[in-house]
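Here is the structure we will look at, set down as structure tokens.
The values are calculated or read from the model by the stated rules, or taken from the named source; none is laboratory data. It should be emphasised that the depicted structure is a prediction, and the values quoted were computed from it without experimental measurement. Here the Cβ is made from the backbone with ideal geometry for all residues, glycine too, and neighbour counts use every protein chain on show. What goes into the accessible areas is simple: the full protein's heavy atoms, side chains included, and nothing from ligands, DNA or RNA. Shrake-Rupley method; radii C 1.70, N 1.55, O 1.52, S 1.80 Å.
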Amino acid sequence: MASSTQKKSASFAFSSLAWICSLTSTSCNAAYSSLPPSHRTATKPAHLEGTLLSSPRRSGAFSKLSSSTLPDIPKLITPEEESGKGLLSFTLEELSDKLGGYGRSTAVWDCIRRGIDPNLYYSKTHAIGDGDSSDRAVLNSWLDACVGDTSTHETSVSDDRNPLEFDKGQGLGQNAWDKLQSIMEKYHSCDETQRSRKKSARKEILCIENSIASLSHMKVSSDGTIKLLLKMVKDGLEVESVIIPWKEKGFSTLCVSSQVGCKQGCSFCATGREYEFLCIQCAFGKVPTKNANCFAIHSGMGKLRSLTADEITVQVYYASKVCRVINSKNTEQSDNMALPTIDNIVFMGMGEPADNALAVVSAANALADRRMFSLAQSKITISTVAPDESAFETLGKAPALLAWSVHAVKDSLRRQLVPTTKSLMEELRHGLVKALSNRSISMRRTMLEVVLISGVNDSDEDAELLSEFAQSIMRDVKGAKVIVNLIPFNDIGHPTHRTPSMERVLDFQRIVIQHGNESGTDKGLNPNVLCYVRTTRGDDESSACGQLATKRRPPIGKTGM
């Protein structure tokens, strides 16, 4: 029997179906019967019975879409599944209780931190020499990008028989390994379909790749930036994360996503604009289309769902895997292939962290735990557009620095750039000041981010207002350090937005610094307003800031077990 939540979801879906049919001269009965059986179990609303709603404007808009063009529709995710905890989101204490000891949980995290699946590494039936299929796929893709032809190079990664560089000895022990498998099996166990699938596949090892997420695509930009496309196991939706190597500094930055899509709709961001969906299927799943005749195309990707803490941290796991695999391969191109390890994490990928705060804070705790991912708190940055002033207080609980995507100080202009903003800039500023004041002195450093768009928010007045805004935060928060980060707009195909010239960007930077110094000295404040221009990385492969929208590329190869 359907629950009340399912009935409400079905009612909403059918209402949407009726509205779309009114735009397309489609019979609601016909459209209803075309849906998968799993979505036809609820009682159809009476007002849809025998209905044929017509509109001469868009007649036959769906007729050009044959059933063969529509991919399998992912299942609906229940709230219980949404909050499920898995291997990567347990605290070390929780994992120790489950595995029967601190030493065992530490051994598991020694693997995860290096991008090695402990389910495979400590298995008695999976020989180390067999390797990990995703390791081989990563190496093949990297060689293809660097040397253009993997057929002339040995691509085996099985030479590295002990990637942890120590003797695994007795391993976890069979009992603890079985418990580890149980954790993987229970992940999202509220889903009957997943539970049945896992029971039938129990003969295979349950691992991160077939239980949480798999690496489906990997693309390397000319500047060495690597974009990873990860496919979530539970519903097949995909997110992007980006590895940005800084070879001269000896580390790489990883940009992670917190949601599949984003509901904020910033005018300069591809995540909220460029992923197209056919409305008739939106209530049930992902159906990308380029059908220009469809009136009911969303203007943006929108928020499909939030990621779990496991689905956020798995991005770090795969990035660590990429770094390890690439650096372990000794070839003639080793100098060019070197990839510094991940030492800096920024929540600046797809999604708005404040709209998924619980999972983001949980993921940040795992990243900052010295026994888990072992990153310094000062090396983790959570960036928010601040839908309202409470966002700063909520995200401020995470062991990470806060960054604010400001984009404009004037309220009217900011609403134009961030149409979903609910609060005035002064209200948002007060929220940030309150959150910073409640943090330790060392964590009161914050960043104000501005995407500069030619002729929109790059005037001298905008620069002066931004400088004064930064000064006001330092004035109200003792020990605060505010850094202004200017990001030249990256092209996403917007009809009017254009990238400002570098000369204009540098002039804007100069005004922010000089005006801050002058106004600060006059008012007896700290005159130091730091302002930097962010180096554009990965824009040739749509990996730069604002360009993430899960655009597909040919697969890097089979990554399943």
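For the pair Ser222 and Phe251 in one chain, pulling the backbone fully straight at 0.36 nm per residue adds 8.6 nm over the alpha carbon distance.
A Cα-only calculation for region 395-460 places Rg and Dmax at 13.3, 39 Å. Here the calculated FRET efficiency for Leu424 and Asp491, from their Cβ-Cβ distance with R0 = 51 Å, stands at 0.95, rounded to the nearest 0.05. Each residue of region 95-104 is assigned a 3J(HN,Hα), and the resulting list reads 5, 4, 4, 6, 8, x, x, 5, x, 5 Hz, derived from the Karplus form 6.51 cos²θ - 1.76 cosθ + 1.60 (θ = phi - 60°), x at Gly and Pro. Rounded to whole numbers, the Karplus 3J(HN,Hα) couplings from phi for region 179-187 are 5, 4, 5, 5, 4, 5, 6, 7, 4 Hz, using 6.51 cos²θ - 1.76 cosθ + 1.60 with θ = phi - 60°, and x at Gly and Pro. Derived scalar couplings between HN and Hα for region 424-438 equal 6, 4, 5, 5, 5, 4, 5, x, 5, 4, 5, 5, 5, 5, 8 Hz in order, rounded to whole Hz, by the Karplus curve 6.51 cos²θ - 1.76 cosθ + 1.60 (θ = phi - 60°), x for Gly and Pro. Accessible surface calculations at 1.4 Å, restricted to protein heavy atoms, place region 401-447 at 43 Å² per residue.
Distance between the 7 Å Cα→Cβ label points at Thr91 and Gln416: 4.8 nm. Between the amide H of Leu452 and those of Ile487, Phe489, distances stay under 5 Å, these residues lying 5 or more places away or on another chain, with hydrogens modeled in the peptide plane. Are any of the pairs Lys249/Lys379; Lys263/Lys478; Lys85/Lys234; Lys186/Lys227; Lys247/Lys397 more than 23 Å apart by Cα-Cα distance, and if so, which? As for pairs spanning more than 23 Å Cα to Cα, those are Lys263/Lys478; Lys186/Lys227; Lys247/Lys397. Close amide-amide hydrogen proximity is noted between Phe251 and Trp246, each under 5 Å apart and 5 or more residues distant or on a separate chain (H modeled in the peptide plane; Pro and chain starts excluded).
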